Amino acid sequence: MNKIDKKFVEDYVFNAQHNLEVPKMGGTDWRFTERIAPAFYDILDITKAENILEIGFNVGGSALMFLSIKPDLAYFSVDINRSEKSIDFLAEMFLGFYFTQADSKELVVREGQEGIYDLVFIDGDHTPEGVTADINVALKYKPAYILFDDVRHPSHSYIEKIITEDYADKLEVVKMYEFNDLWEGYSMALCKVKNNNT
Ligand SMILES: C[S@@+](CC[C@H](N)C(=O)[O-])C[C@H]1O[C@@H](n2cnc3c(N)ncnc32)[C@H](O)[C@@H]1O
């Protein structure tokens, strides 16, 4: 994996500013690269993930982060919208980047697809129904880990409750990442999927 040093930060900021589309809403923010990149590194280190499914690509801020740290990842992003400039750039730069325009609620998990992702990153529809639907789809893939964004964001604080109460028998929070000093509620939860037999 690539080290998070000065050059990494400079390259990420350059690519995010020049090669990704300008986001219309939220998403991983290049201004905080130096602080948040180590969390993404830590997630890859803990999970040893090689195949990632991301629900909610936006303009690709987190896709660029994960792939910049581990360029040989197979990284599958899904979003209901399309950010052409970002998709073209990431597909050109990383052999293992794939994008599908779809509503995550319509993802169909076929027989034999269990275990194809080590990590599912849920950062799409942030409503309680949306998050629940995405967890249900994610669990069908039987990943080892699920990563959630915005778990302690004031507007979405129910996400933590969904994980720790509604899915207590299926998910165990192994690490929380919080950056309240960067912006209120910026938080991610890395969960291990319990009783995963793949
Ligand atoms: C917060 S942004 C994702 C940010 C991105 N992961 C990052 O860190 O840069 C949420 C994204 O989820 C997408 N989204 C919302 N509902 C969705 C759905 N039902 N299926 C797929 N994508 C959805 C939105 O279009 C938006 O781009």
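Numbers for the structure displayed
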item	result
Residues (charged (D, E, K, R) and either within 15 Å of the chain's Cα centre (by Cα) or closer than 17 Å to TYR177 by Cα (or both)) located in the range 17-49	ASP29, GLU34, ARG35, ASP42, ASP45, LYS48
Candidates PHE89, PHE76 - the one that is surrounded by 15 or more Cβ atoms within 10 Å (Cβ to Cβ), closer than 24 Å to ASN2 by Cβ and either more than 16 Å from the ligand (Cβ to nearest atom) or without any contact (Cβ under 8 Å) to a residue 60 or more places away in the chain (or both)	PHE76
Residue list for the range 101-158, restricted to those being within 13 Å of the chain's Cα centre (by Cα), more than 10 Å from the ligand (Cβ to nearest atom) and among the acidic types (Asp, Glu)	ASP118
Any helices (runs of 4 or more DSSP H) falling wholly within the range 59-165 and containing at least 3 residues that are aromatic (Phe, Trp, Tyr)	none
Of the criteria (1) more than 15 Å from the ligand (Cβ to nearest atom); (2) in contact with a helix residue (DSSP H, G or I) (Cβ under 6 Å, 6 or more places away or on another chain); (3) of a type in the set (Asp, Glu), which one ASP181 fails	(2)
Output for the range 1-37, where each listed residue is under 21 Å from ILE146 (Cα atoms) and loosely packed, with under 14 Cβ neighbours inside 10 Å	MET1
Selected residue [farther than 19 Å from PHE40 by Cα and either aliphatic (A, V, I, L, M) or touching a Phe, Trp or Tyr at 6+ places or on another chain (Cβ under 7 Å) (or both)] from ILE146, ILE162	ILE162
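Read the figures in this text as sums done on the coordinates, not as results from a lab. Predicted model only: the values in this text are computed from it and were never measured. For neighbour counting, all protein chains shown are included, and Cβ atoms are generated from backbone atoms with ideal geometry for every residue, glycine included.
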